[in-house]
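The values are calculated or read from the model by the stated rules, or taken from the named source; none is laboratory data. What you are looking at is a predicted structure, and each value in this text was computed from that prediction instead of being measured. Note that each Cβ is placed from the backbone with ideal geometry, even for glycine, and that neighbours are counted across all protein chains shown.
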Amino acid sequence: MAILKIENLSYTYNEGLPGATKALDNVNLEIEEGTFVGVIGHTGCGKSTLISHLNGLTKPQQGAIYLDGKNIWTEYDNIRDVRFNVGLVFQYPEYQLFEETIYKDIAFGPKNMGLSDEEVDKRVKMAAKFVGIPEYALEGSPFDLSGGQKRRVAIAGIIAMQPRVLVLDEPCAGLDPEGRELILSQVKNYHQTTGGTVILVSHSMEDIANYADKVLVMENGTVYNYANTEEIFQDAENLSKMGLGIPDITKVFLKLKEMGLDIDTDVYTIPYAVKTLLKYKEKNGGGHNA
């Protein structure tokens, strides 16, 4: 059974007013437990509006959200229970830091869950380890950290609640390549270690290609496609025409196809590119065209 189910979800900003904007239009989607889902699409396509519905920050105008088969607005005693299970990391989460120590910031969520001090301590240290913060640094001030380090603390604060679904909205926005790689590799490690569900919203198709198992492509408030990463990149030519920034390696293979080579173009990572080239070489007898 899907851990999250979105059913006939529609949402309009400024509904009934002259400037009304339809952000979501009859979205239907099921997300299986343990999946790493990448969400892509143009600015304004509905990505952020969609994820704000997943833990009850936004209430559906039409349709419903189900967590473990239960409507989050009608079958849970408290919407806080949903938010403890579906943890949402906003863009620039470091702006939400406010405690005097890193430890207290990470502990804020678990304490609000009513956990014992012993359990809170265990979770803080576990979450800090996942994002690469050593225990000796926990008593330092979060405001003495770099932007990337602050972001890791903010993500740790959500991980410490041990949500069954971790949702990240552009977690690498504004970071340099090294900082982006560090955070995403830590998120991937968290996913592989815990078996939890991860939903990553990103403008970077490179990041989605490297980390996601499945990809949701949003367009004009609707689901354009939702499939395994490999299947999504079989449609790379149309994604490119939509103006989505497909990975450079994919562009290379589309160009090779354009030049007349009978080669697969659903290539989205370097290892897969090597595999595809070897397959092409074998198919063509290892000739100079390979």
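For TYR95, are the conditions met, namely being of a type in the set (Ser, Thr, Tyr), within 26 Å of the chain's Cα centre (by Cα) and either modelled with pLDDT of 95 or more or in a strand (DSSP E or B) (or both)?
no
With the checklist (1) at pLDDT 85 or above; (2) β-branched (Val, Ile, Thr); (3) more than 17 Å from the chain's Cα centre (by Cα) in hand, flag the one item ILE263 doesn't pass.
Among (1) at pLDDT 85 or above; (2) β-branched (Val, Ile, Thr); (3) more than 17 Å from the chain's Cα centre (by Cα), the lone unmet condition for ILE263 is (1).
Does the stretch 63-77 contain any residue that is within 22 Å of TYR190 (Cα to Cα) and in contact with a Leu (Cβ under 9 Å, 6 or more places away or on another chain)?
Yes, some residue in the stretch 63-77 is within 22 Å of TYR190 (Cα to Cα) and in contact with a Leu (Cβ under 9 Å, 6 or more places away or on another chain).
Within the stretch 113-130, can one find any residue that is of a type in the set (Val, Ile, Thr) and outside any helix (DSSP H, G or I)?
no
Of SER52, SER48, which residue is closer than 13 Å to MET218 by Cβ and either more than 19 Å from the chain's Cα centre (by Cα) or among the hydroxyl-bearing types (Ser, Thr, Tyr) (or both)?
After applying the criteria, what remains is SER48.
Go through the residues of the stretch 163-177 one by one and say whether even a single one is modelled with pLDDT of 95 or more, within 18 Å of the chain's Cα centre (by Cα) and β-branched (Val, Ile, Thr).
yes
Would you check which residues across the stretch 1-20 are assigned to a strand (DSSP E or B) and more than 17 Å from LYS59 (Cβ to Cβ) and list them?
Hits for the stretch 1-20 are ALA2, ILE3.
ILE72 - would you say it is at pLDDT below 95, touching a helix residue (DSSP H, G or I) at 6+ places or on another chain (Cβ under 6 Å) and among the β-branched types (Val, Ile, Thr)?
Taking the combined requirement at face value, the residue does not satisfy it.
Residues to consider are GLN234, GLN192; find the one that is closer than 23 Å to PHE36 by Cα and without any contact (Cβ under 8 Å) to a residue 12 or more places away in the chain.
Every option except GLN192 fails the conditions.
Mind counting the residues in the stretch 181-206 that are buried (at least 18 other Cβ atoms within 10 Å of the Cβ) and under 30 Å from THR12 (Cβ atoms)?
8
Just to check your reading of the model, which residue among THR49, THR74, THR58 is at negative phi, touching a residue at least 12 places away in the same chain (Cβ under 8 Å) and not in a helix (DSSP H, G or I)?
THR58
Take TYR66 and tell me if it is at negative phi and surrounded by fewer than 16 Cβ atoms within 10 Å (Cβ to Cβ).
No; evaluated as a whole, the condition is false for this residue.
Wholly within the stretch 131-238, which strands (runs of 3 or more DSSP E) include no fewer than the required count, namely at least 2 residues that are among the polar types (S, T, N, Q)?
In the stretch 131-238, 222-228 are the strands (runs of 3 or more DSSP E) which contain 2 or more residues that are among the polar types (S, T, N, Q).
Residue check: is LEU166 closer than 16 Å to ARG151 by Cα and crowded, with 18+ Cβ neighbours inside 10 Å?
Yes: the conditions hold for LEU166.
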